[in-house]
Each structure stands twice: as C-alpha cells, then as structure tokens.
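Novice: Just dropping this structure here.
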Amino acid sequence: MTIVPIIKRDYIIKLAEQGKRIDGRDFNHYRKIEIETNVVNKAEGSARVKIGNTQVLCGIKMDIGEPFPDTPATGVMSTAAEFVPLASPDFESGPPREDAIELARVVDRGVRESQVIQLEKLCITPGEKVWLVFIDIHILDYDGNLFDAASLAALAALSTTKVPVSRFLKDLNEKDRTSWQKQILDLYTIPGVDEIPFGADEANKNPNPIQDFPLPMTEPPISCTAVKINDFILFDPCFDEEVIADVRLTVATDHNGDIRAMQKGLSGSFSKEEIQKVIKGALDNGKEVRKTLKDVVSS
Amino acid sequence: MKSDIELIDTEGKRNDGRGPQDIRKIKIEAGVLHRADGSCYLEWGGNKVLVAVYGPREAVPRHTQNPLKAIVQARYNMAAFSVEDRKRPGPDRRSVEISKVISEALEKIVLTDQFPRASIDVCIEVLDAEAGTRCAGLTAAGVALIDAGIPMRDIPVACAAGKINGQVVLDLGKEEDNFGDADLPIAISPRTGEVLLLQMDGHLTYEEFNEAFDLAVKGCHMVSEIQKKAIMDKYQTAAAEVNE
C-alpha cells in the first residue's frame, strides 16, 4: 500500500464522524446503478453494469457437453472472472489471482445455490448431452464494490440469455432430438411457481424445440455489500473507501426477504450487532436493486 | 485458398451491402474509463474494443527497464464471450503475437526517449469480435494514448484490405475473412505514410499487393478522420463543461 490511502483514511474517518462520505452519499446509499443488456452480439446473453464509476461486463456462452456422472440429467454451469489490467493500475496480467477466484466463486455460489438457472431443465439426453453455461465476468473499471457489480451483471446477462438451440441443432443426432423435444415440452408445462422464467413473458411459455428460447430461471437473490471503517458501516464502498476498509460483508437476500448467501472479507472483524445492521441494510438496498434489475430485464 | 462462395456480385456489391472500397461503420469514443490514464471505446462493424492506457510509470520487473527510453507494452486480450465458441481466458499464441506486433508499431510512434526506465502500458480488450480486431485494437490504442497525454509523433491508425473472389476490397468482414483469398492488415502514421504494422496471409500477385496496399492506406486515412473527430469531441465536451 502506498502512502496516499493512509492520508485519505484520516479524511474519510473525519467525514464519517460528521455523518458524511467523500462523494456526499448517506452511509446506507448506493451510487447510481446503470444496467445495459445485450451489449455483446457473439454472446448468448450479456450485460454491462455500472455502479458509480465501477464497470463490469458479463457475457454468457453456451455449449453442449457431458454432464457430471453424479448428476446425469442436469446442465453444467461454471463462472470465471478476469481482473484485466485495463480496469486498474494495480491489476496485472497473468493467471487469476486469489481475489479474482474469490469473486468468481461468490458469484457462482449466488447463482448455483439459489438455483437461479434451472439446470435440471437443461438436459438434452440424460447421461450423454447437457447444456453448459459459462458465466464470464470481465472487470472494465474498478472503483470499488466488485461483488455487487459482478453478481448484478451475471444476473442481468443470464436474464437475457437465449439457449442457442438453432446453432447447435447440427450437433444433435436423432436420439438427442427426440429426447430434447420431450424435455422441452415438459419444460414449461410443470405447474408451480417456476412456470414462467424470470425476465421472460407469457409468449415464451411454450417454446419450439428447434428454436432458441430464454434460459429457464427463477427469482435470483440480490447481493449487497458494506464495509466497516473504524465503527462506521458504509454500503457500496467506492475504491478509496474499500482500500482502507477494515472488514467487508456481502449479504445476498431473496424476494421473500430471506438471506441466501454471505461472505465476509478482509482481516477485520464484526460484532453480531454490526452483522445484523448490515443484513438490514442489505434487505433495504436489495429491494431497490431488484427493482432496477427487473425494470431492465422485463422491458 | 480459392473459395467457391460468392462474396461479391458482378456489380461489385458485397454480402453486407458495401461496395469494394467501403469500410464498415466505425464509432469511437475517447475517455470512457475512470481509473485509466487514458481510454477509448471503439466499435468497428461488429467489433467492440475497449482500450486503457497506463503510464508512463516505472517499468516492472526492473530488468525490462531501458535506461535510455520507455518501453511500450501492449496486451491484446479477447474476452471469453467475444467469439462464437467460448475462448479459454488468458493469453494464447495468437494473442501473444498480436500483442507483440502492436507493441512494436506503437513503440515507433511514441516519443519513448522522453521517459527512460518507464513503461507505457496499453491494454486492449476485445469484447465482441468480427474480423479485423487487431486493426480495431490498434486504432483505439492511438486514441487512448492521446487521451492519456502520451507524446507521439502522430496518431497511429490501422485498416485492412484483402481479396475476395479475385477482387481487391477494403476492410474484410467476417465471411470475407474466413472464405476470402487474402488479408492485408496494415497500420500507418498518416502524416508521413510510414508503415508501422504489416501482415499478410493468403495469395496476392505483385500487382494485387500494390492495389491492396494503396487501398488499405486510403482506408487508414478514412479511419484517421474518425479518430481525430473523437478526440476533438472529447475536448470540446470537456471545454463546454468548464465554461458552464
């Protein structure tokens, strides 16, 4: 760490004591969030998310491959994050460092554990062929809070993803096609809450087996991150706040107001009261962020 | 590689509707990133490229330093989702080669002797690819270097010419690149006409090479005007904000 953050630390703490932040926000407030979808033509789905000056691009690619032996009738997803040197003077090229791996794993857990992608609906021929979903996160501009920006970009990109059936039809043999036809007809006729994919409209309820169709999804949880600097809890930290923060907590909450995932980071510590405070803040902010996401993907 | 696929009709109209001497649509925006010292976003047909410039800053590791001048390190990287079949993240042989030829092209144009021991880092990220990404990347790098205030002899610019169905045309598109007869990407210093980058693959006669080269230079000058406009727009917007 250079000397600059230490000087800034005094300034940030002095402001916090007066109830202020360097960019004039309240402790609980997020910076402006902008979501733009379908920004990459070659990807099956894509989104660029800006939180203040932080910019993250997420692209979804799909392919056909073999399922894991223990889940023969389930699609496969994988998440990777690239901290490209474009995004910050401190990022270096080379294999992913531990922060890139942590970020990718936290985003992956948020999507996987809440079954945001209905992987059981992405089976073509059980035990032989399933759809593979690759979530690739590209950091473009790093001004703090990559966890929220990256998970939001992943969700927005997934919500606009079309399963590229028409492109892969030539790779399917007669057996695959028959099996896939049966799968897809079952896909949207199961009664229940998951009947309509998140972000899709009624018109997509009965897709044609040889046409591209929206990735089957459920309501995703929304991640919100706060850091602690001295005794102050600040949501959506910008870069200057993040580099001097003692400890960080990310909380993902779902549409019912339940907690779905958490991750503590950095070497500081929280008390139970502080954790409760972050959870409450994450619930409030989560509602707002969810609304922003829904407005974009359903329009 | 002679192709049977018709890429250009008898009236000289190409599959995407362009004439033989037309370039694809180009959009350039300077200064789009917050953390970078200079940056540029460029769309060229279906290509989308983002470039950041960092420096001059101390070159690390130290053995890379040159006590007499700065080094220019370009890093060309393709996003995993930028191509039809997902690309494995990280450098491959192709991107390492492109990074090298772009670095060398830029090193000629930057006034490197002003910054001994320093490094000027140019990060080229291809977000969406559709033939001609090295030209798009180098052209965007030229604008990003200006945005970063790096002293240069000129604004480097690149464009490709090629041959499809036996005819020399400007700025190959995706199908033309895949099924065409030859591809000739070049980068020049538009003020002096010096050639900074030159690659060729395929099959050209001596006469065809001359024709393609002249056409590519003409394309470079067309792109150069768009570069200059993007830079002017950036400073005019900044000036207007100051006057408010």
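The values are calculated or read from the model by the stated rules, or taken from the named source; none is laboratory data. Bear in mind the structure is a predicted one, so any value in this text is a computation, not a measurement. Ideal geometry is used to build each Cβ from the backbone, glycine not excepted, and the neighbour counts take in all protein chains shown.
Novice: Only one of (1) more than 25 Å from A:GLU241 (Cα to Cα); (2) under 22 Å from the mean Cα position of the chain (by Cα); (3) of a type outside the set (S, T, N, Q) is not met by A:ALA73, so which one is it?
Specialist: For A:ALA73, the exception is condition (2).
Novice: Could you check, for the stretch B:135-153, whether at least one of its residues is over 22 Å from B:ASP233 (Cβ atoms) and buried (at least 24 other Cβ atoms within 10 Å of the Cβ)?
Specialist: no
Novice: Could you list all residues from the stretch A:1-42 that are acidic (Asp, Glu) and either part of a helix (DSSP H, G or I) or in contact with a Ser or Thr (Cβ under 7 Å, 6 or more places away or on another chain) (or both)?
Specialist: A:ASP10, A:GLU17
Novice: Please specify each residue of the stretch A:1-19 satisfying the condition of being more than 21 Å from A:CYS224 (Cβ to Cβ) and surrounded by 12 or more Cβ atoms within 10 Å (Cβ to Cβ).
Specialist: Matches in the stretch A:1-19: A:PRO5, A:LYS8, A:ARG9, A:TYR11, A:ILE13, A:LEU15.
Novice: Show me the strands (runs of 3 or more DSSP E) entirely contained within the stretch B:1-80 in which 1 or more residues are touching a Phe, Trp or Tyr at 6+ places or on another chain (Cβ under 8 Å).
Specialist: Qualifying strands (runs of 3 or more DSSP E): B:26-30, B:47-58.
Novice: Applying the selection to the stretch A:82-96, what residues are buried (at least 16 other Cβ atoms within 10 Å of the Cβ), over 16 Å from B:LEU127 (Cβ atoms), within 7 Å of chain B (Cβ to nearest Cβ) and without any contact (Cβ under 8 Å) to a residue 24 or more places away in the chain?
Specialist: Result: A:SER93, single match.
Yes or no, residue by residue, for (1) modelled with pLDDT of 95 or more; (2) surrounded by 15 or more Cβ atoms within 10 Å (Cβ to Cβ); (3) more than 8 Å from chain A (Cβ to nearest Cβ):
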site	(1), (2), (3)
B:ALA30	yes, yes, yes
B:GLY38	yes, yes, yes
B:LYS48	yes, yes, no
B:MET78	yes, yes, yes
B:ASP92	no, no, yes
B:ILE98	yes, yes, yes
B:VAL101	yes, yes, yes
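Novice: Right, next: Where residues in the stretch A:121-148 are of a type in the set (Asp, Glu) and within 20 Å of the chain's Cα centre (by Cα), which of them is farthest from the other protein chains (Cβ to nearest Cβ)?
Specialist: Restricting to residues being of a type in the set (Asp, Glu) and within 20 Å of the chain's Cα centre (by Cα), the top hit is A:ASP148.
Novice: While we're looking at this one, here's another question. Is it the case that some residue within the stretch A:275-284 is surrounded by 16 or more Cβ atoms within 10 Å (Cβ to Cβ) and in contact with an Asp or Glu (Cβ under 8 Å, 6 or more places away or on another chain)?
Specialist: No: zero hits.
Novice: Right, something else. Quick one: B:TYR54 ticks every box in (1) free of Cβ contacts under 8 Å to residues at least 60 places away in the same chain; (2) farther than 17 Å from A:LEU57 by Cα; (3) within 13 Å of chain A (Cβ to nearest Cβ) except a single one, so which number is it?
Specialist: Here B:TYR54 meets the rest and fails (1).
Novice: Considering only residues that are farther than 29 Å from B:VAL60 by Cβ and aliphatic (A, V, I, L, M), look in the stretch A:93-115 and name the one that is farthest from the chain's Cα centre (by Cα).
Specialist: The extreme case among them is A:VAL106.
Novice: Can you tell me which residues in the stretch A:249-258 are in contact with a strand residue (DSSP E or B) (Cβ under 9 Å, 6 or more places away or on another chain) and either surrounded by 23 or more Cβ atoms within 10 Å (Cβ to Cβ) or at pLDDT below 95 (or both)?
Specialist: Across the stretch A:249-258, the qualifying residues are A:LEU249, A:VAL251, A:ALA252, A:THR253, A:ASP254, A:HIS255.
Novice: Kindly state which strands (runs of 3 or more DSSP E) lie completely within the stretch B:122-238 and contain at least 1 residues that are without any contact (Cβ under 8 Å) to a residue 60 or more places away in the chain and under 16 Å from the mean Cα position of the chain (by Cα).
Specialist: Passing ranges, in order: B:157-164, B:182-188, B:195-198.
Novice: Among the residues of the stretch A:269-282, what is the count of those that are in contact with a strand residue (DSSP E or B) (Cβ under 7 Å, 6 or more places away or on another chain), without any contact (Cβ under 8 Å) to a residue 40 or more places away in the chain and not β-branched (Val, Ile, Thr)?
Specialist: Here the count works out to 1.
To keep it simple, each residue is scored yes or no on (1) farther than 30 Å from B:THR237 by Cβ; (2) in contact with a helix residue (DSSP H, G or I) (Cβ under 7 Å, 6 or more places away or on another chain).
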| position | (1), (2) |
| --- | --- |
| B:PRO20 | yes, no |
| B:LEU33 | no, no |
| B:VAL49 | no, yes |
| B:LYS69 | yes, yes |
| B:LYS87 | yes, no |
| B:ARG94 | yes, no |
| B:ILE102 | no, yes |
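Novice: Continuing with this model, one more query. Take the residues in the stretch A:97-118 that are more than 14 Å from chain B (Cβ to nearest Cβ) and of a type in the set (Lys, Arg); name whichever of them is surrounded by the fewest Cβ atoms within 10 Å (Cβ to Cβ).
Specialist: Only one residue tops the list, namely A:ARG105.
Novice: Of all the residues that make up the stretch B:22-51, how many are without any contact (Cβ under 8 Å) to a residue 40 or more places away in the chain and β-branched (Val, Ile, Thr)?
Specialist: Adding up the residues that qualify gives 1.
Novice: Would you pick out the residues in the stretch A:149-182 that are more than 14 Å from chain B (Cβ to nearest Cβ), farther than 30 Å from A:LYS264 by Cβ and touching a strand residue (DSSP E or B) at 6+ places or on another chain (Cβ under 8 Å)?
Specialist: A:VAL163, A:VAL165, A:LEU172, A:LYS175, A:ASP176, A:SER179, A:TRP180
Novice: May I ask you to say which residue of A:ASP141, A:ASP136, A:ASP108 is under 22 Å from B:ALA79 (Cβ atoms), in contact (Cβ under 8 Å) with a residue 24 or more places away in the chain and touching a Cys at 6+ places or on another chain (Cβ under 9 Å)?
Specialist: Criteria check complete, one pass: A:ASP136.
Novice: Provide a single number: the residues in the stretch A:33-53 that are over 29 Å from A:ILE124 (Cα atoms) and at the interface with chain B (Cβ under 8 Å from one of its Cβ atoms).
Specialist: 1
Novice: Next up: Go through (1) within 14 Å of chain A (Cβ to nearest Cβ); (2) under 16 Å from B:TYR41 (Cα atoms); (3) buried (at least 24 other Cβ atoms within 10 Å of the Cβ) one by one and return the number of the condition B:ILE120 breaks.
Specialist: All conditions are met except number (2).
Novice: Another question, if that's okay. Could you tell me which numbered condition A:CYS58 fails, if it satisfies all but one of (1) away from chain B (no Cβ under 14 Å); (2) crowded, with 16+ Cβ neighbours inside 10 Å?
Specialist: (1)
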